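Taking it in order: structure first as structure tokens, then the write-up.
The values are calculated or read from the model by the stated rules, or taken from the named source; none is laboratory data. None of these values were measured; they are calculated from a predicted model. Note that each Cβ is placed from the backbone with ideal geometry, even for glycine, and that neighbours are counted across all protein chains shown.
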Amino acid sequence: MKRTLTITLNGVEVTTEVPAHALLLDVLRETFGLNGPKYGCGKAQCGACTVLVDGVPARACMLAVSRVQGARITTLEGLVDPETGALSPVQQGFLDCEGAQCGYCLNGMVMAATALLKRSPDPKTEDIVQALRHNLCRCGTHKEIIASVKRAAELMRKRANA
């Protein structure tokens, strides 16, 4: 059985037919070809599949599409400026501070950090740790990840003051 799904995906309204019990991660990757969100644990515990649903981090691997009908979904790909191709401040911060080693957790870290910086543009280290606590990094780049988020906050402030 199929259902019609209409969402705003990375700023563009899209409509597609999906299996009634489809998970958002599968639709993003298989229907729309977006590979930013990763399949990690399949249990919403590692954060590799994190996307923003109406600006709030959500685990796409366990999120039924029926729960996102009409929502604004932002993936890693949607953070890039569509006109210039410039990385978002968070993506640039992770690049500048080498916040990823293997890169598998990177999607979740960037998406969670993006949500954090939208609500708290100058977070303390404790705020960053708290915001990223549900995203697992097995490579141990935690210091670099925190530095990356702080760098992103700095880039966002510079951009706002320009």
- Would you please name the residue that is farthest from E77 (Cα to Cα), looking only at residues in the range 1-39 that are in contact with a strand residue (DSSP E or B) (Cβ under 7 Å, 6 or more places away or on another chain) and among the hydroxyl-bearing types (S, T, Y)? T4
- Item | Total residues in the range 107-136, condition surrounded by 22 or more Cβ atoms within 10 Å (Cβ to Cβ) and at pLDDT below 95 | 1
- Task: Kindly establish whether A86 is within 28 Å of T15 (Cα to Cα) and touching a strand residue (DSSP E or B) at 6+ places or on another chain (Cβ under 9 Å).
- Result: no
- Task: Quick one: count up the residues across the range 112-162 that are among the charged types (D, E, K, R) and part of a loop (DSSP other than H, G, I, E, B).
- Result: 4
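Mind checking whether some residue in the range 61-83 is part of a strand (DSSP E or B), free of Cβ contacts under 8 Å to residues at least 12 places away in the same chain, more than 28 Å from S120 (Cα to Cα) and outside the structural domain of C102 (by TED's automatic domain parsing)?
no
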- Item | Selection from the range 110-147 of residues that are in contact with a Leu (Cβ under 7 Å, 6 or more places away or on another chain) and in contact (Cβ under 8 Å) with a residue 60 or more places away in the chain | M111, A112, T114, A115
- Message: So if I check each of F32, F94, which one is modelled with pLDDT of 95 or more, surrounded by 14 or more Cβ atoms within 10 Å (Cβ to Cβ), assigned by TED's automatic domain parsing to the domain that holds K150 and not small (G, A, S)?
- Response: F94
- Message: If V90 meets every condition in (1) under 30 Å from A20 (Cα atoms); (2) aliphatic (A, V, I, L, M); (3) within 12 Å of the chain's Cα centre (by Cα) apart from one, which number is that one?
- Response: (1)
